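The values are calculated or read from the model by the stated rules, or taken from the named source; none is laboratory data. What you are looking at is a predicted structure, and each value in this text was computed from that prediction instead of being measured. No Cβ is skipped: glycine too gets one built from the backbone with ideal geometry, and neighbour counts run over all protein chains shown.
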């Protein structure tokens, strides 16, 4: 079989070949070293997996994408109609949207394929990485054409343990040996979160976003040796409650107390996601307290942009801002209902959406750090709003593990098990694989 493959690549950098099932199995064995990643899941049989793989949405763009590797790599092409094709390459490939399909080209070979709906890239060896627009990733890179709207979607199909290597440093920062137990706790929490989210975007073809929408994922560029060690030491460990993998939410800084999940989002109550006193562990951080301020005009603009995302919002706008009032707080003190009063009526903004409605006064492209705040309104002599000031604590939604608190606990000698039991009371650490 190696002779067949060598003939395919004998005469140049890239050569086209029909992609039959026999070749598919050979490529899987040769270039994944008998590993389990389900690259072509629709055509079994494949080797049984020893650990799960996840599909991460990296980006969506109308621009062309560049894919390369440090060595040889395989390109599997999926046309709208007809047989699949495979290429070997060692030079950069350009992927661009052409009409409703994908076109592949290379500088030395010109146009290779057109009218593709999907293309997958595999490194020849596990130790090699793929580069998407110069950014390195482990595993497989897959690019699909999204017809409505016309754009390219790029995904990274990767083993969970390798995925965590790009998540934990991005979420926690690069820490030292004194924080090792916090890194282990974060590795278990992130692994648990990942596995609990498998298939959440099944209709869109992926499992997780590469942003704070799920977990920040930086790929190989974000990896750190100490973090990789923490992941290795906790390999396959997840948090369970009553025999089921939990929803392991976490955030940057609780501001002194975490919160019930149902008081932050419209989600079911969970016995392990409840308010936990945390001030002794997280108050040392510079983001424990914060202050933001807005002019009347800036606040009107932010709130109206938020309200405009709802279909029921009037095209005439929200009107002239007259007053802001906190109507209800959660047990931890977070603002649960914020009333916005205008000369056209009033609006109730609830729970964590308040952060998206107000945004930062200092940076309207960013959401408010937390909903744990007090408001002060400064007015003109005629009673109109001049400035609104929010003084608050914490950073993030406040549900589950406080990352700054976990670091504080590790520095005080607590183990990763202590940390996880503190933030997720009643759960167990279970070896999943």
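Can you tell me which condition residue 338 does not meet? The list is (1) in contact with a strand residue (DSSP E or B) (Cβ under 6 Å, 6 or more places away or on another chain); (2) touching a residue at least 60 places away in the same chain (Cβ under 8 Å); (3) buried (at least 20 other Cβ atoms within 10 Å of the Cβ), and all the others hold.
So the condition that residue 338 fails would be (2).
Which condition from (1) in contact with a helix residue (DSSP H, G or I) (Cβ under 9 Å, 6 or more places away or on another chain); (2) buried (at least 19 other Cβ atoms within 10 Å of the Cβ) is the one that residue 300 breaks?
(1) is the only condition that residue 300 fails.
Just to be sure, is residue 280 in the same structural domain as residue 213 (by TED's automatic domain parsing) and farther than 19 Å from residue 390 by Cα?
yes
Can you tell me which condition residue 216 does not meet? The list is (1) in a helix (DSSP H, G or I); (2) modelled with pLDDT of 95 or more, and all the others hold.
Only one criterion is unmet by residue 216, namely (1).
Can you name the number of the only condition in (1) under 14 Å from the mean Cα position of the chain (by Cα); (2) closer than 30 Å to residue 114 by Cβ; (3) part of a helix (DSSP H, G or I) that residue 203 fails?
The single condition residue 203 does not satisfy is (1).
Being in contact with a strand residue (DSSP E or B) (Cβ under 9 Å, 6 or more places away or on another chain) and either under 26 Å from residue 424 (Cβ atoms) or in contact (Cβ under 8 Å) with a residue 60 or more places away in the chain (or both) is the requirement here; does residue 291 meet it?
yes
Could you tell me how many of the residues in the range 308-334 are surrounded by fewer than 17 Cβ atoms within 10 Å (Cβ to Cβ) and in contact with a strand residue (DSSP E or B) (Cβ under 7 Å, 6 or more places away or on another chain)?
Matching residues across the range 308-334 total 8.
Out of the range 235-255, which residues are assigned to a loop (DSSP other than H, G, I, E, B) and crowded, with 23+ Cβ neighbours inside 10 Å?
Scanning the range 235-255 gives 246, 248, 249, 254, 255.
Can you name every residue in the range 77-111 that is in contact (Cβ under 8 Å) with a residue 60 or more places away in the chain, touching a strand residue (DSSP E or B) at 6+ places or on another chain (Cβ under 7 Å) and assigned to a loop (DSSP other than H, G, I, E, B)?
83, 84, 91, listed by residue number.
What are the residues in the range 117-145 that are over 20 Å from the mean Cα position of the chain (by Cα) and closer than 17 Å to residue 204 by Cα, if any?
Scanning the range 117-145 gives 117, 118, 119, 120, 145.
Which of (1) at pLDDT below 95; (2) not assigned by TED's automatic domain parsing to the domain that holds residue 309 does residue 345 not meet, given it meets every other one?
Here residue 345 clears every test but (2).
Does residue 372 count as within 13 Å of residue 296 (Cα to Cα) and either surrounded by 13 or more Cβ atoms within 10 Å (Cβ to Cβ) or touching a residue at least 40 places away in the same chain (Cβ under 8 Å) (or both)?
It is false that residue 372 is within 13 Å of residue 296 (Cα to Cα) and either surrounded by 13 or more Cβ atoms within 10 Å (Cβ to Cβ) or touching a residue at least 40 places away in the same chain (Cβ under 8 Å) (or both).
So, of the residues in the range 276-288 that are assigned to a helix (DSSP H, G or I) and touching a strand residue (DSSP E or B) at 6+ places or on another chain (Cβ under 8 Å), which turns out to be farthest from residue 342 (Cα to Cα)?
For the range 276-288, the residue satisfying everything is 281.
Which condition breaks for residue 136 when tested against (1) under 23 Å from residue 213 (Cα atoms); (2) assigned by TED's automatic domain parsing to the domain that holds residue 74; (3) touching a strand residue (DSSP E or B) at 6+ places or on another chain (Cβ under 6 Å)?
(3)
Among the candidates 426, 413, 405, 319, single out the residue that is in a loop (DSSP other than H, G, I, E, B), at pLDDT 95 or above and either within 18 Å of residue 249 (Cα to Cα) or outside the structural domain of residue 248 (by TED's automatic domain parsing) (or both).
So the residue among 426, 413, 405, 319 that is in a loop (DSSP other than H, G, I, E, B), at pLDDT 95 or above and either within 18 Å of residue 249 (Cα to Cα) or outside the structural domain of residue 248 (by TED's automatic domain parsing) (or both) is 426.
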